[in-house]
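Worksheet for the structure shown next.
The values are calculated or read from the model by the stated rules, or taken from the named source; none is laboratory data. These numbers were taken from a predicted model, which means no experiment stands behind them. Quick reminder, even Gly has a Cβ in these numbers, built from the backbone with ideal geometry, and neighbours come from all protein chains shown. Just so you know, the surface numbers come from the protein's heavy atoms only, side chains and all, with ligands and any DNA or RNA stripped out. Shrake-Rupley method; radii C 1.70, N 1.55, O 1.52, S 1.80 Å.
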Amino acid sequence: MIVESVKFIKSSPKAKECPQTDIPEFTFIGRSNVGKSSLINMLAKKKIAKVSGNPGKTLLINHFLINNNWFLVDLPGYGYAKISKKEKRKIENIIVDYFKNRVNLSLTFVLIDIRHDPQLIDLDFINWLSNNNVNFKIIFTKADKLKTNQKEEKVKKYIKALIKKIKISPENIISSSKLKLGREEIMNLIYSEL
Ligand code: GTP
Ligand code: MG
């Protein structure tokens, strides 16, 4: 899949202020520092999202128009420990409001760092998406950090936890922005929904 054009449209503090809703939208979300901006840049083949060693910085809903026919959306990361409760609640509200109100949302990608064991905050979020009928898939990030057999083990363990705790087994993709791994698979999923 060729990305012919990428246009930054706007940053919005809430769903109501997001751009026009007749364009299908694909959203990326995950814990702060999971590698979301790096993944978005890999997909766009361009540095459109800011990669930070300074987590928790995206506090707005960022819309990028790709090939003039779909939106790529960068949502704020959740679960960053070093911010106040008030700020955490603010991010949570942005996320909930977004998923409850974006009628043009086609597909959501939940990013999970492949190295980590299943964390309650992610399981709870995935459960919430599932309960709210959000169409989503999981992307495991930073796959370059593990060996092949470790990767498979981690993914298996994760899916097992999802089945056990929330009785779902979502489709998943293994990715690495460093090695440009998983791009075609993600783009094919997006294109199959357009
Ligand atoms: P915030 O927006 O700050 O919450 O973070 P983010 O989820 O957008 O993550 P970001 O892409 O900024 O990456 C966080 C850190 O992980 C950076 O130091 C990246 O260089 C690193 N990183 C991201 N993706 C990969 C990857 O695929 N492999 C490796 N080895 N490092 C990665
Ligand atoms: Mg980011």
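Taking the condition at pLDDT 95 or above, surrounded by fewer than 19 Cβ atoms within 10 Å (Cβ to Cβ) and away from ligand 2 (no atom under 16 Å from the Cβ), does LEU162 pass?
Against the criterion (at pLDDT 95 or above, surrounded by fewer than 19 Cβ atoms within 10 Å (Cβ to Cβ) and away from ligand 2 (no atom under 16 Å from the Cβ)), LEU162 does not qualify.
Test of understanding: among VAL103, VAL73, VAL110, which residue is of a type in the set (A, V, I, L, M, F, W, C) and open to solvent by 40 Å² or more (accessible area, probe 1.4 Å)?
Checking each option against the conditions leaves just VAL103.
In this structure, is LEU72 on the phi < 0 side of the Ramachandran plot, touching a Phe, Trp or Tyr at 6+ places or on another chain (Cβ under 6 Å) and hydrophobic (A, V, I, L, M, F, W, C)?
Yes.
For region 81-93, enumerate the residues that are in contact (Cβ under 8 Å) with a residue 24 or more places away in the chain and under 18 Å from ILE126 (Cβ atoms).
If the condition is that a residue be in contact (Cβ under 8 Å) with a residue 24 or more places away in the chain and under 18 Å from ILE126 (Cβ atoms), then ILE91 is the only one that fits.
Of the residues PHE64, PHE26, only one is more than 10 Å from ligand 1 (Cβ to nearest atom), under 30 Å from ASP144 (Cβ atoms), within 12 Å of the chain's Cα centre (by Cα) and not β-branched (Val, Ile, Thr); which?
Only one candidate qualifies: PHE26.
Report, by residue number, each residue of region 18-69 that is at pLDDT below 95, away from ligand 2 (no atom under 13 Å from the Cβ) and farther than 14 Å from SER5 by Cα.
GLN20, THR21, ASP22
If you check LYS46 against the conditions, is it out of contact with any Leu (no Cβ under 8 Å at 6 or more places or on another chain) and open to solvent by 30 Å² or more (accessible area, probe 1.4 Å)?
It is true that LYS46 is out of contact with any Leu (no Cβ under 8 Å at 6 or more places or on another chain) and open to solvent by 30 Å² or more (accessible area, probe 1.4 Å).
Hey, among the residues in region 178-194 that are under 12 Å from LEU43 (Cβ atoms) and among the basic types (Lys, Arg), which one's surrounded by the most Cβ atoms within 10 Å (Cβ to Cβ)?
ARG183
Being assigned to a strand (DSSP E or B) and over 15 Å from THR108 (Cβ atoms), is that true of even one residue in region 12-35?
Yes, region 12-35 has at least one match.
Among the helices (runs of 4 or more DSSP H) contained in region 94-194, which hold 1 or more residues that are in contact with a Lys or Arg (Cβ under 8 Å, 6 or more places away or on another chain) and closer than 18 Å to PHE26 by Cβ?
Correct list: 183-193.
Condition first: part of a loop (DSSP other than H, G, I, E, B), under 23 Å from VAL103 (Cβ atoms) and under 16 Å from the mean Cα position of the chain (by Cα). Now tell me which residues in region 67-86 satisfy that.
Answer for region 67-86, where residues must be part of a loop (DSSP other than H, G, I, E, B), under 23 Å from VAL103 (Cβ atoms) and under 16 Å from the mean Cα position of the chain (by Cα): LEU75, PRO76.
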